[in-house]
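The values are calculated or read from the model by the stated rules, or taken from the named source; none is laboratory data. Quantities reported herein were computed from a predicted structural model and do not represent experimental measurements. Here the Cβ positions follow ideal geometry from the backbone for every residue, glycine too, while neighbour counts run over all protein chains shown.
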Amino acid sequence: MVRQAHHERNPCSVGYSAAMEEPLTQHTIAARFRGYLPMVVDVETGGFDPIRHALLEIAAVVIEMDAEGFVRRGATHTTHVVPFPGALLDPKSLEITGIIVDHPLRLAVEARAALDHVFAPVRAAAKAAGCVMKNFPDEGAVHVAKKLTVADFKTNPPTSGDHNINPAQDGVYAPGNEPEIENWVHTLEHGRILLQYKPDTAPGRISQLQTLFNEPVLDSGNGYHSVLMQNNTKMPFEVAAVAWRHYVGCPEFTDQSLAAMREFRRVYVDKAPEQIP
């Protein structure tokens, strides 16, 4: 079960003065959780093996904070899931959960639709930051030898399409030394997340992106499957995070933009046609 978060106050995060007279900082969920978007996720499955056993139900609850610094349960997103073809269902697991997989009122949906529904908080985080999150059709993945420009793609920044046979390497690129478009598009096909900022971005903001880049992802090492670079497609955003077939773009670079990009990376890293270590 997804439990409601207890109301609690953390004086350290609230930012009260020593005299406890007036708050020094505004209560925000980003400040309380170091920029992360806190969620409680619960799943019911057809067994313990994540490869062979089916995902049957999934629920996610967003944790919110009010103006006084109290945390509370936010919106709940839940759905039943259709077992993938060939999935195993352990009778003992079904006995414990009480799930009747073929019940006519179960109204289960395919896994992709279920995850899109549960990941609605990502879109909400983008909206709260004044950003836009979009999903696009696959433009293909043909290897080409020619130099490509943004005009060769249907989105800006590009999210899929023709690319050079050599992908850009993971890491942080200095402004003016960023990889060519045809190389970093190939990197997207390998499940990487590209954190991009417009030319002339303030050094302080670039430093914040470097901090975000270095945060662990999916319990992996710092900078896991990520690229930080100056954008070279004249994108209409001050900052953006790009994945294969997806991006979140922010017309204005704010602290909330970082939270939206962090959540975007958590959801979409390694979600691409080719899984390259």
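Structure data summary
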read-out: Long-range neighbours under 6 Å by Cβ, at least six apart or interchain, first residue outside the structural domain of Asp162 (by TED's automatic domain parsing) within the range 125-137, second assigned to a loop (DSSP other than H, G, I, E, B) and not acidic (Asp, Glu); value: Ala125/Leu37
read-out: Condition broken by Leu209, with the remaining ones in (1) aliphatic (A, V, I, L, M); (2) assigned to a strand (DSSP E or B); (3) under 19 Å from Gln256 (Cα atoms) satisfied; value: (2)
read-out: The one condition in (1) farther than 16 Å from Gly47 by Cα; (2) surrounded by fewer than 14 Cβ atoms within 10 Å (Cβ to Cβ); (3) not polar (S, T, N, Q) that Val109 fails to fulfil; value: (2)
read-out: Any hit, the range 139-152, residues being in contact with a His (Cβ under 7 Å, 6 or more places away or on another chain), closer than 26 Å to Ala260 by Cβ and either of a type in the set (Val, Ile, Thr) or outside the structural domain of Ala87 (by TED's automatic domain parsing) (or both); value: no
read-out: Extreme residue, farthest from Val118 (Cα to Cα), among residues of the range 48-90 that are polar (S, T, N, Q) and within 19 Å of the chain's Cα centre (by Cα); value: Thr76
read-out: The range 231-256, subset among the polar types (S, T, N, Q) and more than 19 Å from Glu189 (Cα to Cα), residue farthest from the chain's Cα centre (by Cα); value: Thr254
read-out: Pick from the range 159-206, criterion surrounded by 15 or more Cβ atoms within 10 Å (Cβ to Cβ), of a type in the set (D, E, K, R) and free of Cβ contacts under 8 Å to residues at least 40 places away in the same chain, ranking: farthest from Pro236 (Cα to Cα); value: Asp162
read-out: Condition broken by Leu148, with the remaining ones in (1) touching a residue at least 60 places away in the same chain (Cβ under 8 Å); (2) farther than 20 Å from Glu252 by Cβ satisfied; value: (1)
